[in-house]
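A.B. asks: Below are the structure tokens for one structure; questions will follow.
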Amino acid sequence: MMRSTARRGALISALWLFAGTAQAAIVNAQAHRGSDGAVVLSWTETNGAAVDVYMGQDPTAPLDQMTLISPADQNGRHSVAPASPEARHYFLLQSTDGTRYRLAERLVPLAGAMNFRDVGGYETEDGRFVRWGKIYRSAALSGLTPDDLAKIQALGIDYVYDLRSVGERKDEPTRWPQTGATLVSHDYELDISAFMAAFADGPSADKVRAAMTAFYPAVVDSHKTQFRAIFAELLEGDDGAILYHCSAGKDRTGVQTALILSALGVPRETVIEDFLLSNQHHRMSGDSGPMAGMPAEVLEVLGGVERPYLEAFFAEIDRRYGGVEGYLAAELEVDAADIQRLRALYTE
């Protein structure tokens with residue numbers, strides 16, 4: 001049924017997939033959506049060489065199956081309009097010295113869902129790159145529009161895991177296109193006692209921040225059933241893609257992503273940088289509902305993520321299991337051989 005770092009820069013909304021030489025000539029490669037809807041590519045060729053820019057809609061397409069859209073480009077920048085509203089494009093930059101990088105938008109732009117991101121493109125400690133188009137993460141999917149559904153259908157997602165509690169799923173049921181994908185969830189009730197205590201005598205940013213920091217280490221135990229199921233599906237290694245999500249796509253989803261990237265060999269600092277991208281792609285409104293009238297500084301904390309949150313999660317794992325691989329083996333049934341399989345399947 002299923003599936004077969006970014007080098008740091010001002011924007012890590014899109015990253016490289018693989019290098020053709022040991023010392024890359026192409027650096028600071030990025031792709032993002034411009035205000036006019038076009039996909040804007042930018043890069044630096046450190047040797048001043050020209051770069052051929054190719055485009056395709058298959059994240060694994062060989063060069064001869066991609067379209068040359070900008071030959072011998074020396075500007076370090078190219079803009080291309082999507083072929084259709086639902087199309088997702090992948091790009092390959094090839095320098096005259098043979099260096100190659102795959103590139104894509106990290107954010108999948110949707111009108112009815114926030115923080116829908118491709119986990120691909122990050123460089124691992126051994127110089128490989130996480131594959132694009134295989135692992136996606138998102139916030140809740142209850143507000144998807146017809147155009148969103150068409151975009152999602154084109155992604156080839158075969159497996160969707162909902163990390164939300166029973167109550168969250170009931171309040172905001174998932175809307176999903178008829179793609180034949182398997183939708184999976186685990187019944188549990190979310191413990192929000194720490195957050196209720198933070199609001200008891202009036203909310204403050206500091207109290208909410210403390211509650212968030214305490215929540216992350218608790219996830220080590222409270223969500224291991226869900227994490228185990230997602231890793232089991234990843235290990236199936238079928239041809240399609242996988243998506244997992246929670247309500248905001250930043251906390252539980254952020255931890256799941258941190259575990260996957262760590263298992264694939266992505267350095268911890270890069271994992272944290274990816275985690276912090278939710279601050280760019282998640283928004284919380286205080287206009288209505290339970291957030292109505294909340295002070296702006298409280299909404300800012302509730303709607304974002306901070307480095308100490310994920311560091312608290314990692315510290316708990318390091319203390320109890322000696323690191324991520326220890327946790328994977330002891331609690332998620334992912335041993336050393338499984339980690340090697342994951343890296344074979346999802347990096348290149």
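The values are calculated or read from the model by the stated rules, or taken from the named source; none is laboratory data. Everything quoted here is computed from the prediction, not taken from an experiment. No Cβ is skipped: glycine too gets one built from the backbone with ideal geometry, and neighbour counts run over all protein chains shown. Note: accessible area is taken over every heavy atom of the protein model, side chains too, but ligands, DNA and RNA are not part of it. Shrake-Rupley method; radii C 1.70, N 1.55, O 1.52, S 1.80 Å.
A.B. asks: Between residues in the stretch 47-73 that are at positive phi and residues that are of a type outside the set (S, T, N, Q) and not in a helix (DSSP H, G or I), which pairs lie under 7 Å by C-beta distance while being six or more apart or on different chains?
C.D. replies: Close Cβ pairs (under 7 Å, with a partner that is of a type outside the set (S, T, N, Q) and not in a helix (DSSP H, G or I)) amount to 72/50; 72/52.
A.B. asks: Same structure, new question: Across the stretch 75-87, what is the number of residues that are in a loop (DSSP other than H, G, I, E, B), at pLDDT 90 or above and open to solvent by less than 30 Å² (accessible area, probe 1.4 Å)? Don't jump to the end; show me each part of the working.
C.D. replies: Filtering the stretch 75-87 for residues in a loop (DSSP other than H, G, I, E, B) gives 75-76, 81-87.
Narrowing the set further to residues that are at pLDDT 90 or above leaves 75-76, 81.
Filter again for open to solvent by less than 30 Å² (accessible area, probe 1.4 Å), leaving 76.
So the count comes out to 1.
A.B. asks: Shifting gears a bit: Does the stretch 316-327 contain any residue that is within 28 Å of residue 205 (Cα to Cα), open to solvent by less than 60 Å² (accessible area, probe 1.4 Å) and either among the small types (Gly, Ala, Ser) or not in a helix (DSSP H, G or I) (or both)?
C.D. replies: no
A.B. asks: While we're on this one: On the given criteria, is residue 123 under 24 Å from residue 65 (Cα atoms) and out of contact with any Cys (no Cβ under 6 Å at 6 or more places or on another chain)?
C.D. replies: On the way: under 24 Å from residue 65 (Cα atoms): no; out of contact with any Cys (no Cβ under 6 Å at 6 or more places or on another chain): yes.
For residue 123, the condition - under 24 Å from residue 65 (Cα atoms) and out of contact with any Cys (no Cβ under 6 Å at 6 or more places or on another chain) - is not met.
A.B. asks: Taking the stretch 192-244 only, how many residues are among the hydroxyl-bearing types (Ser, Thr, Tyr) and over 25 Å from the mean Cα position of the chain (by Cα)?
C.D. replies: Taking the stretch 192-244 as the starting set, the residues that turn out to be among the hydroxyl-bearing types (Ser, Thr, Tyr) are 193, 204, 213, 216, 222, 225, 244.
Subset that is over 25 Å from the mean Cα position of the chain (by Cα): 193, 204.
Residues that pass the stated criteria total 2.
A.B. asks: Given the residues 258, 232, which is the only one that is small (Gly, Ala, Ser), out of contact with any Ser or Thr (no Cβ under 6 Å at 6 or more places or on another chain) and open to solvent by 20 Å² or more (accessible area, probe 1.4 Å)? Spell out the reasoning first.
C.D. replies: Numbers: 258 fails: open to solvent by 20 Å² or more (accessible area, probe 1.4 Å).
Every option except 232 fails the conditions.
A.B. asks: Let me ask something else about it. Which helices (runs of 4 or more DSSP H) sit wholly inside the stretch 96-211 and have at least 1 residues that are within 22 Å of residue 80 (Cβ to Cβ) and open to solvent by less than 40 Å² (accessible area, probe 1.4 Å)?
C.D. replies: Values: elements: 146-153, 166-171, 193-199.
Helices (runs of 4 or more DSSP H) meeting the threshold: 146-153.
A.B. asks: Restricting to the stretch 33-42, count the residues that are in contact with a Ser or Thr (Cβ under 8 Å, 6 or more places away or on another chain) and at pLDDT below 90.
C.D. replies: 1
A.B. asks: Mind listing whichever residues of the stretch 185-201 are within 16 Å of residue 294 (Cα to Cα) and among the aromatic types (Phe, Trp, Tyr)? Even if it seems obvious, please write down each step before you answer.
C.D. replies: Quick first cut of the stretch 185-201, residues within 16 Å of residue 294 (Cα to Cα) only: 195-201.
Across the stretch 185-201, the qualifying residues are 195, 199.
A.B. asks: Just give me the residues in the stretch 45-57 being out of contact with any Phe, Trp or Tyr (no Cβ under 9 Å at 6 or more places or on another chain) and open to solvent by less than 60 Å² (accessible area, probe 1.4 Å), in sequence order. Even if it seems obvious, please write down each step before you answer.
C.D. replies: In the first step, residues of the stretch 45-57 are kept if they are out of contact with any Phe, Trp or Tyr (no Cβ under 9 Å at 6 or more places or on another chain); the result is 45-50, 52.
45, 48, 49, 50, 52 - these are the residues of the stretch 45-57 that are out of contact with any Phe, Trp or Tyr (no Cβ under 9 Å at 6 or more places or on another chain) and open to solvent by less than 60 Å² (accessible area, probe 1.4 Å).
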